[in-house]
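Each remark here refers to the structure printed beneath this line.
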């Protein structure tokens, strides 16, 4: 479920004024709070007139000042922007973020308090100039934190343009584990209070789930950070992926969830599946969610966590939700209801999988299309166009199935669901 847990505060995509920005690299030093709720940030840019952040989180930013000579001068605020004067290259500024004010300002909309810890996307607290640049972010001190951004040479590295879907960050009490994987770095941060299961059992659960995805692709698709957030209940409540600055997943896990039930959960495998497929910007969300919705139970069946009977009973129960509702927009791209987004996309995937297998006499499947795209660099931190993903998949299978299916789902063609379900049960193995 992409961006489901937070309505993200976008710090960077638009602003009231066009600034000067003469630098092509920006650096940040972040000091997590050893106690209290104040994150300290010092940043250096090229020549800059303004710093901006999302309107809903601006009140959490405090004490913005620019360095002029050896003195610090307060920067005047204008709504969600701070004006800088005499800020040439390099331009150094500092500020603080009040995490309590951040969570009070927008609640789950952009930040969430989990016991004594706070989890929020990077974009909700990182002030920045306009424009794009390479960013290197480092930390100072030994207070607990976890960041989901990609890492290189001791720094978190990304581009400013990627802040439109920035990774999750966490400050406060947490326990960390690094999964024992040779193909990727996967870190687990269990934030806040403990779960009913032990931290080791939680890490084992995440390891089992990542292994399911690694088996599908032949390797785990990308370095990632998994944030486990204890909430009320005895099951996984929901999950959310934020990924352009680095692959990160927030998993809201019921504190009382028993260890014996982890393989019955569907949310973790669904969210992990997103990591192997690209991000589609402005289009194709139905396909990204549909692939994860289709493959989640299929991969759990292949792992022995569901029986074949359970798999097809699940699909027979849920796939009707993907059929276009009467009176709705013909093009699936234009429909915004949850059923079309998830089960419309899943129906597309199931029909395509069966038709590819039928056209190639079982030699190829939708698996091959996804693996081919991944081999060409498709994963969640990369933005692809939908048409390129479909083209690569058709080339890999030697068919026109994905292209023809996309045209049919764009036109809103009627679907004979009993016929398609029968074909799928006959051709798609659950093991």
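Each value in this text was obtained by applying a stated rule to the coordinates, not by laboratory testing. These figures come from a predicted structure and were not determined experimentally. Virtual Cβ from ideal backbone geometry, glycine too; neighbours counted across all protein chains shown.
Quick notes on this structure:
- Tilt relative to the chain, helix 308-318 - C-alpha long axis, 0 to 90 degrees, to 10: 70 degrees
- DSSP-defined beta bridges in the chain - what % are antiparallel, rounded to 5: 70 percent
- By the count of other C-beta atoms within 10 Å, a proxy for reagent exposure, 374, 78, 314 are ordered fewest to most as 78, 314, 374.
- Helix 285-302 and the longest principal axis of the C-alpha atoms of the chain enclose an angle of approximately 60°.
- When the inverse distances between all different Cα atoms of the range 25-166 are averaged and flipped, the Kirkwood radius reads 15.4 angstrom.
- Packing, as the average of other Cβ atoms within 10 Å across residues, places the peptides 289-302, 131-144 in the order 289-302, 131-144, highest first.
- From helices alone, the chain scores -9000 deg cm²/dmol at 222 nm; the rule is -39500 (n - 2.57) for each run of n ≥ 4 DSSP H residues, then divide by the residue total.
- The alpha carbon centroids of the range 241-276 and the range 370-421 are separated by 25 Å.
- At R0 = 30 Å, FRET efficiency that the Cβ-Cβ distance of residue 100 and residue 73 yields, to 0.05: 0.65
- Computed from Cα positions, the angle between helix 386-397 and the longest principal axis of the chain comes to roughly 40 degrees.
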